[in-house]
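Structure first, commentary second.
The numbers here are math on the coordinates, done by the rules we state, and not lab data. What you see is a predicted model, and the numbers here were worked out from it, not measured in a lab. Here the Cβ positions follow ideal geometry from the backbone for every residue, glycine too, while neighbour counts run over all protein chains shown.
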Amino acid sequence: MTLSAEIKCIGVCLKLSDFAPFIALLVVISISLLAASLMLKKPKRKLVTFVSAQILSLVAIAATFYLMNCGEMLTLYVCLAYVIISTVLIFGVLRYYDRILIKRLDAKPAGGVMEWMEDFVGKLVTARVYYFDSAIPRAFAAGRSIFVSIGLLEMLDENELKAVLAHEAWHIRQNTQMPYLKRLALMTFSSSSESELEYKADRFAAEIAGSNALSSARNKVDKVFI
């Protein structure tokens, strides 16, 4: 069956059904919510709106499936697959993101090169530290893991590394105390609150490792990207 024939068949089946207005309403609301999710600024509201649009789309597609009398409706199968897969990916990415990164970066436990790093981070938060092969000085947290590049390890001294690790440890502590939906929203959608989170992480790092170490680490890294 061609695409045009599928669309025509869907239109005919819906026209003959008493549920057509209900399905049309679901589609309109779903599209409206999807558009709203692109305009909202607060991450949590963006996520809730987007997921609501996904759920309504799924209900509309399922209802259309139920009403169809035609076989081999490829268009509906594709739409249904998109809604299900995208929703699963959105909720699965937070739970397994650090594991994905470990494999993708071929990251190794940092204790193999600097034993003190695991002990230092362990006093701040329950997390693992990994290093990965990259000349670019980078450090970031994902899940319950902290990742640092070889370039960063070679560039910073011990006190500066402690400041960086404390900064990332704060992010992990913050995430573990944050509701799941809010964590997912912050991870999935960009937000103006990111600068506030970075400021708080820096303040925590300064308390742990000292403001001089934090400032020195930032200056060294910033010079690379100027």
Worksheet item: So, counting K/R as plus one and D/E as minus one, what does the shell of residues with Cβ under 13 Å around G111 add up to?
Response: -1
Item to complete: Could you tell me which of the pairs K103/K162; K200/K223; K46/K123; K46/K108; K15/K46 are separated by over 32 angstrom between their Cα atoms in the structure shown?
Response: K46/K123; K46/K108; K15/K46
Discussion item. Can you tally the net charge around V121? Count Lys and Arg as +1, Asp and Glu as -1, for every other residue whose Cβ sits under 13 Å from the Cβ of V121.
Written reply: +1
